[in-house]
Each structure stands twice: as C-alpha cells, then as structure tokens.
Amino acid sequence: SLLLFSNQLKMVNPNLRTDPSTIYNLIKSYALSPSTILKAHNLFQQIHRPTLPFWNIMIRGWSVSDQPNEAIRMYNLMYRQGLLGNNLTYLFLFKACARVPDVSCGSTIHARVLKLGFESHLYVSNALINMYGSCGHLGLAQKVFDEMPERDLVSWNSLVCGYGQCKRFREVLGVFEAMRVAGVKGDAVTMVKVVLACTSLGEWGVADAMVDYIEENNVEIDVYLGNTLIDMYGRRGLVHLARGVFDQMQWRNLVSWNAMIMGYGKAGNLVAARELFDAMSQRDVISWTNMITSYSQAGQFTEALRLFKEMMESKVKPDEITVASVLSACAHTGSLDVGEAAHDYIQKYDVKADIYVGNALIDMYCKCGVVEKALEVFKEMRKKDSVSWTSIISGLAVNGFADSALDYFSRMLREVVQPSHGAFVGILLACAHAGLVDKGLEYFESMEKVYGLKPEMKHYGCVVDLLSRSGNLQRAFEFIKEMPVTPDVVIWRILLSASQVHGNIPLAEIATKKLLELDPSNSGNYVLSSNTYAGSNRWEDAVKMRELMEKSNVQKPSGSSCIEVNCSNSSQDSCFIEHEEKSELNLSRRFIYYS
C-alpha cells in the first residue's frame, strides 16, 4: 500500500500547485479512514494554498480518528491564515471537542459560531449539545437545546445521551417524557438510553412501559437495543423474556451472548447458561468469566475451577474479575494448590491486582490455613478497604491467632477505618479463642454505642460462644433470654454443645427442647443431646433420646471424608493449568469420598 501511495503521489504531484482540486477526492478517501489519515495529511501539506473544502475534509478526518485534538490544531492553523470556516467546519470541530474532551476550546469556538451566525444551522446546534453533554456541562447543553428555534430527533437524542453519559438517569426519563409530549417519536438510540436509565434506577414498571412503547411505535430493535433489553430482563431474573429478545434478534454480537449467559447465571439456570456458552463460535474473557462466576456463585466451585482450566488451555488471559471468582472457589474447596498457582499467574502475567483480587487472596489463604501468606498479601496491598481488614482479622481469629487478630483490629481503628459487622464477628471470635470474656463483651457493647452498628444474630452467637467456652453457661443462658431477637438454632446448639462439655444437664435439656421445636428433623440435635446424657452416665435418658430420634423418623446422614491427591488427566479430574514458559504445568486433584 505504501508503494501504491508513492506512485499516486508521483502521479498527482506535478499538478498540486496548479490544480489542487485534482487530488481532493484522493485526500478525502484517505482522510475518512483512520488507518490512512497520515497519507491524507502528507498530501495536504503539499498543497500551496489549500481552499476551505480541503481544510474541512482534514478537520473532519482528524475528528473521527484516534487523535481528535489534531482537528482542533488544524482549525487553529486555518484560522490564523484568515479562513473563518463554514457551518461544516464547526460541525466537525464540535465533534472533535466532544471526543477529546475539551470544553474550554469548545466554548471559545461556540462564541465564534454565534458571531458568524452558524448556530441557526440545526446540525451545528446538535453538535453543540453533544459537545457540552460529552464534556459533562449539561446546563450549557440544556441551554443550547432550549434556545433552538427548531429541533429534530437528533437534538433530543443528543440531550438524552448527554444526561445518560453523566449518569443523570432521572433527567433522561424527564427529557424522554418531554419528547413524547412534543410528539417526537424515539428511535433505537433513544430507547437504549431510556431503558438503561430504567435499569440503573430499578424502575421496572417504567421499563416495561418502554418495551410497550417500542412495540407500539415499531421501533427497530437493533443489536444495541436488543442487548440493552436482554441485560434489563436478565438483571430482573426474567430470563424467558430475555431469551425471547435474544432469539428474535436478526444479528447478535459477543455482548448479546454474554448478556444472555449472565442472565441465566443470575437466575441460577446453569444448564441453559452452559448450553449457550458451548454454542458460542467465539468467546472473549467476559464469556469465560460470566460462566465461571455463575458456577462459583451457585456453589459449584469444582465446576468453576474445571472451566478455568479450560480457559487457560484456550490461551485466554483472565482479568481481575475472573481471578477473584477463581480464588473464591479455591477458598470454598480448600484448593490451596490452585489458589497459589492463580496467585503466581497474577504476579507473572501482570493481571491487574485490584483491591477485590487482594481481598480474595487474603480470604483464600486464610480459609486454606496459610495465614502467613495472607498477611504478606495484606501488607503488600497499596489500598485497603474495610473488607481487607475484616478478612485478615477474621482469618487470624479462625486460625487461632487471637492476639494478632486483636492487634490488627486496633490497627484498623488507628487507621480510622470504620469497622464492619464482619470485623466484629472476627474480633469476638478472637476473644472467645483467647478467653478474653470482658474484652469481648466490651467490643460487643461498643458496636452500637460507639460505631452505630446494630448487632446481628451472628454477633449474639459469638457472645454466647464467648461465655460458654469460658464456662459461664448460666451467664450465657441469661444473655440468650435477654436478646432483643428470637435466638436461632445455631445459638441453642452452641449452648447445648457447651453444656455437654461442662456436664450441665439442666441447661442441656432446655437447649434440646428449643432445638427440637425449631429444628426437629436435624439428627445432630438428638445425637448431641444423647451424648450429653451419656457423658453424665444417664444412660436411660441417652437411650430415650435415640429412641425419640427413631420414632420421629429422623435419618442420620452417612459420614464422609475427603482427601486431595494428584490425579491423571481424565474427564473426572478437576485441574488447573498454571502458565509457566509455555503454559504446560498441571496442578490437579481428585476428591474421593468414603461413606
């Protein structure tokens, strides 16, 4: 192509100074394609005195290129040479200012347009609205709109798009309503912004009315409007309606497929999501991430990890969302090898390690019992939020590092980070493990009094555990009776378990009675109560509890154990591929259950 261009240049060069019009069409063909704009620029520079059409075509070309600021530079050069431009000049120029974005330059040019009288041209005013809207100056965009003597659909859409771009969704709906009152029929561009506004505001009744409007006014559902409707229905769990839109679309792109898969995943229909995923002719990182996240959120963590392995084999680079979902799956399955390999991949291949990935790493390492690595990740994080602090405090507490958990809680307060409900669960667990009853109660009291956090059931359970572990069973029972909420089965089970340990039969019987009322089909309640009697040599009562369990037809589930071993490559294995030099290292495991 360079050789062809050189030949074309030689052919036209002799005429450049005498008849510039002979190359106008050639410059135009180059200027309107971003990939050849520099060729147009080189030709333009050889013209001795370019006329306004040449300047306009170059300003137009640069305005749609990846260097829109060059359009402004060319205009300034033209202006200094005494050419004021015409209405087309300013149309292209405002588009360039919108894309940079440069409201200061746009305002200066607006003043010139007013002096030259070009604002009366409808498409110039429309470009002005778009420019001010794109730069976030919606008051000026609205002012231009209000002062227009006539408006067309593009005028309305420019204002709607401006408000939508600045996330002023109420105003989007307001402008659309004014548009309807004015008798202007919206098109696909209008409806994309209006439906997006409804989705962002959760105005589902209005969204349904907009669907009716689309049908009644025969608005063509192009790929962008179709994708917007699929997303809207998917967020509401109305996947049958989303699928209806998907199936009726004449043309779909990757976004269409991804939105539909995400909708199925959100609704928990993983079979349909996987069918669509498998039917895709091509997939991007969003496709893989949607499917992996859907499995992870549905608790199918092994499937999530298996699919991640396939993703790595397909040479698709995961992003931070993919990695966070995979680490969550590792945390739930205890797959430390996979989690470590994912961590290595993040570091080796420069995956964006944002705060969510950092938090996921902390959670994964803590749940896998590798607290020292969790601390390393925490210390290396440049930014931390309340989740980061909560994860490390809870992880330390659960793994028995009570003193460290207390220390990090104090550090968090010194950093002026508002403790969350989860942080208080962690610190109460730490106090329970360390036997710090008074300290734990002090923290519990401070929740509402100091930090304005209303205790939840899990916090009450932590206090009951705190008191029960230390042998203060009567005090724990009094605390339960004074709770402002009705105790759940977990709290009574904590008391029953502690009563067994300390041989307190009266409290064990009270707890058992409550448990049989609240959860009569749970075999663990009967077994725990029976064992409590047996521990105090009350064998007849122990037998009666077992008989009551049989009489109530409560089934005791079979016990199960699992171990993690290296596995060969087979369809039943759940494997992870860690990219080394050529992405070939297998880290895999199989879970074997015994009943």
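The values are calculated or read from the model by the stated rules, or taken from the named source; none is laboratory data. Please read these numbers as outputs of a predicted model, since none were measured by experiment. Positions of Cβ are generated from backbone atoms using ideal geometry, with glycine treated the same way; all protein chains shown enter the neighbour counts. Heads up: the accessible areas ignore ligands, DNA and RNA and are worked out on the full protein's heavy atoms, side chains in. Shrake-Rupley method; radii C 1.70, N 1.55, O 1.52, S 1.80 Å.
The magnitude of the dipole of the chain, with charges of +1 and -1 set on the Cβ of Lys/Arg and Asp/Glu and taken from the Cα centre, is near 1540 debye. Each peptide among 407-414, 490-497 gets the average number of other Cβ atoms lying within 10 Å of its residues, and from highest to lowest they stand as 490-497, 407-414.
Modelled label positions at Lys185 and Ser446, each set 7 Å beyond Cα in the direction of Cβ, lie 6.7 nm from each other. Among the protein heavy atoms of the chain, carbon and sulfur supply 51% of the accessible surface, probe 1.4 Å, non-protein parts ignored.
Write down the accessible area per residue of the chain in Å², having rolled a 1.4 Å probe over the full set of protein chains.
50 Å²
Express in % the proportion of alpha carbon pairs of the range 364-403 at distances exceeding 14 Å. Within the range 364-403, distances greater than 14 Å cover 39 percent of Cα pairs.
Taking every protein chain into account, the 1.4 Å probe leaves His502 with about 90 Å² of accessible area, to the nearest ten. Segment Leu52..Ala534, full-extension length gain: 163.4 nm, with 0.36 nm per residue of separation and the alpha-carbon distance subtracted. Between Trp55, Ala298, Ala542, whose Cα lies farthest towards the positive end of the dipole of the chain when Lys and Arg beta carbons carry +1 and Asp and Glu beta carbons carry -1, centred on the Cα centre? The one lying farthest along the dipole's positive direction is Trp55.
Projecting label points 7 angstrom from Cα along Cα→Cβ for Gln45 and Glu216 puts them 5.9 nm apart.
Taken about its Cα centre, the range 242-352 carries a charge dipole of roughly 260 debye when the Cβ of each Lys and Arg holds +1 and the Cβ of each Asp and Glu holds -1. Under the combined filter of DSSP loop state and at most 15 neighbouring Cβ atoms within 10 Å, the range 408-451 retains these GluC sites (Glu not before Pro): Glu415. Ordering Phe409, Gly164, Thr89 by Cα displacement along the dipole of the chain toward the positive end leaves Thr89 in first place; charges were set at the Cβ atoms of Lys, Arg (+1) and Asp, Glu (-1).
For Trp204 and Glu147, FRET efficiency with R0 = 35 Å and r from the beta-carbon atoms, rounded to 0.05? About 0.45, to the nearest 0.05.
The computed log10 I(q)/I(0) by the Debye sum over Cα atoms at q = 0.06, 0.09, 0.12, 0.13 Å⁻¹ for the structure shown corresponds, within (i) -0.54, -1.00, -1.29, -1.33; (ii) -0.28, -0.65, -1.18, -1.40; (iii) -0.33, -0.75, -1.23, -1.38, to (i).
Rounded, prolate or oblate, given the Cα gyration tensor of the range 472-532, with a/c below 1.5 counting as rounded?
The shape class here is oblate.
Within the straight-line cut-off of under 24 Å between alpha carbons, the lysines reachable from Lys315 are Lys348, Lys352, Lys582, sequence neighbours fewer than 8 places apart in one chain being disregarded. With a Förster radius of 30 Å applied to the beta-carbon distance between His240 and Ser314, the computed FRET efficiency rounds to 0.50.
Going 7 Å from the Cα of Lys379 along its beta-carbon direction, which residues of the range 401-427 have the amide nitrogen within less than 20 Å of the resulting point? Output list for this probe position: 401-415.
Taking 0.36 nm per residue of sequence separation and subtracting the Cα-Cα distance, how much length would be gained by fully extending the chain between Ser104 and Val285, in nm to one decimal?
Between Ser104 and Val285, full extension yields 61.3 nm more.
Placing one equal scatterer on every Cα of the range 242-343 and applying the Debye formula, the log10 ratio I(q)/I(0) at q = 0.10, 0.17, 0.25 Å⁻¹ is -0.26, -0.72, -1.37. The length gained on full extension between Asn522 and Gln474, counted as 0.36 nm times the residue separation minus their Cα-Cα distance, comes to 14.8 nm. Under a crude label model (7 Å from the Cα following the beta-carbon direction), how far is Asp354 from Asn76 in nanometres? It is 3.5 nm. Listed by chain and number, the aspartates and glutamates placed with their C-alpha closer than 20 angstrom to that of Lys317 are Asp278, Asp284, Glu303, Asp337, Glu340, Asp344, Asp350, Asp354, Glu578, Glu580, Glu581, Glu584; residues fewer than eight positions away on the same chain are left out. Take 27-36, 479-488, 289-298 and order them by the average number of nearby Cβ atoms within 10 Å per residue, most first; the result is 289-298, 27-36, 479-488. Computed from the C-beta positions of Ser29 and Val416 and an R0 of 51 Å, the FRET efficiency is 0.25 to the nearest 0.05. Using the Cα gyration tensor of the range 183-248, with a ≥ b ≥ c the square roots of its eigenvalues, what is the shape: rounded (a/c below 1.5), prolate (a/b larger than b/c) or oblate (neither)? Verdict is oblate for the range 183-248.
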